[in-house]
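The values are calculated or read from the model by the stated rules, or taken from the named source; none is laboratory data. None of the values given here were measured: they were computed from a predicted structure. Glycine gets a Cβ as well: all are built from the backbone with ideal geometry, and neighbour counts include every protein chain shown.
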Amino acid sequence: MELCPNYADDLQEFAISDTGRGIPQAEQERIFERYYQVAKNNNVSGTGIGLALVNNLSHMHDAKIFMHSTPGEGSTFYLQLKLNHTYPQAVHAEVFTKQLDIAANVLSENSKSIVLVVEDDYDILDYISRVLSTEYHVLTANNGKQGLEQAFNAIPDIIISDVMMPEMDGFEMSKIVKNDLRTSHIPIILLTAKDGIESRREGYASGVDSYLVKPFSASLLESRILNLLELRRKLAKSLVSGSKKVEPSGSENSISSIDRVFLEKVNKVIKENILSDKIDVIFLADRLNMSHSTLYRKIKGLTDMTINEFTRKVKMEVAAELLDAGNHTISEVASMVGMNSLAYFKQCFKEQFGISANDYIKRDK
């Protein structure tokens, strides 16, 4: 990294260089696009998210980022920041949090689900990728070790994996995925040439959700994916419906013990800090020792809610318990769950329970 001499009084330029393979001229214009990746190099894996994130962060700071690359020699990325910048367009934290939540909802509604395909046969890998690419954003890996790295980096919505692969097979990869907090909620479909009982028993013992026997049709694979994603959505709906009872692990409408403990921990952190109106992804990620993106996708994958939506749900449940006790006014309860705006509290309460706070109090009288 190099601090470049200032060529303008109000700018500071940074240059970061490497001596790698370089980027072909034809691909340089798209390098900052989300999910875009240059021609595959089997020794390098990635998700196509990093540079897009850097580009977005640069724009947020009214900065400029650009690059120069020569194939065979390497690449240099330049970042230009304004000196003494006061950010006149910046918004206050509370407003930004609400805007971030809205943006996350829009992104969730418009973005494709992420499917990770792990397969060492390039023909099958290409076939599956082409079949799914119109409906899903497809990530690929050539063995279980690469697949594991992709799973931890991207936190996909579903994983499709071969069984027999070099370096790490599908069984071992599935077991690690299902026993890691970051990825334990992700459904897994195993592709196998063997349809024996022992093979299935080993797969299900590793936490695999479904099997497909090779050869299989594209329509069957697509149907299986849709069914598993729909099952996850129904499970998410049941988890946030207000029911305190969760099916025992192992049933179709169940979550794993790892995910159960995780949700209980998130609930506990929110309730212990319920007076705060600053509970957001940064606050929770810090206390749960998770990255912001991993926590967001974990909560989204389990509950189909954003962090802010899930936090409001927990606060409204506590508010309902306080109103049931009958010792506090609605205004007092709003303050007790960290919501300084009574109007906003009433709006959230009605959205959560389908009844106003006033009518909720009167319902049993």
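Summary of computed values
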read-out: Residue match in segment 284-295 (condition: more than 30 Å from Asn153 (Cα to Cα) and in contact (Cβ under 8 Å) with a residue 24 or more places away in the chain); value: no
read-out: Residue that is nearest to Ile16 (Cα to Cα), among those in segment 51-70 that are touching a residue at least 40 places away in the same chain (Cβ under 8 Å) and surrounded by 13 or more Cβ atoms within 10 Å (Cβ to Cβ); value: Met67
read-out: Residues located in segment 172-194, provided they are free of Cβ contacts under 8 Å to residues at least 40 places away in the same chain and either crowded, with 22+ Cβ neighbours inside 10 Å or closer than 14 Å to Ser210 by Cβ (or both); value: Ser174, Val177, Thr183, Ile188, Ile189, Leu190, Thr192
read-out: Residues (basic (Lys, Arg) and either closer than 17 Å to Ile160 by Cβ or part of a helix (DSSP H, G or I) (or both)) located in segment 171-185; value: Lys175, Lys178
read-out: Count - residues of segment 253-305 that are under 17 Å from Ser238 (Cα atoms) and hydroxyl-bearing (Ser, Thr, Tyr); value: 4
read-out: Residues of segment 348-365 classified as modelled with pLDDT under 90 and either loosely packed, with under 14 Cβ neighbours inside 10 Å or on the phi > 0 side of the Ramachandran plot (or both), total; value: 4
read-out: Residues that are among the aliphatic types (A, V, I, L, M), in contact (Cβ under 8 Å) with a residue 24 or more places away in the chain and in a helix (DSSP H, G or I), drawn from segment 304-325; value: Ile307, Val314, Met316, Val318, Ala319, Ala320, Leu323
read-out: Identity of the residue in segment 186-212, polar (S, T, N, Q) and assigned to a strand (DSSP E or B), that ends up modelled with the lowest pLDDT; value: Thr192
read-out: Of all residues making up segment 257-305, the number that are among the β-branched types (Val, Ile, Thr), surrounded by 20 or more Cβ atoms within 10 Å (Cβ to Cβ) and at pLDDT 90 or above; value: 3
read-out: Scope segment 114-164; condition over 21 Å from Leu53 (Cβ atoms) and among the polar types (S, T, N, Q); matching residues; value: Ser129, Ser133, Thr134, Asn142, Asn143, Gln146, Ser161
read-out: Test: residue in segment 112-127 that is touching a His at 6+ places or on another chain (Cβ under 6 Å) and under 15 Å from Ile189 (Cβ atoms); value: yes
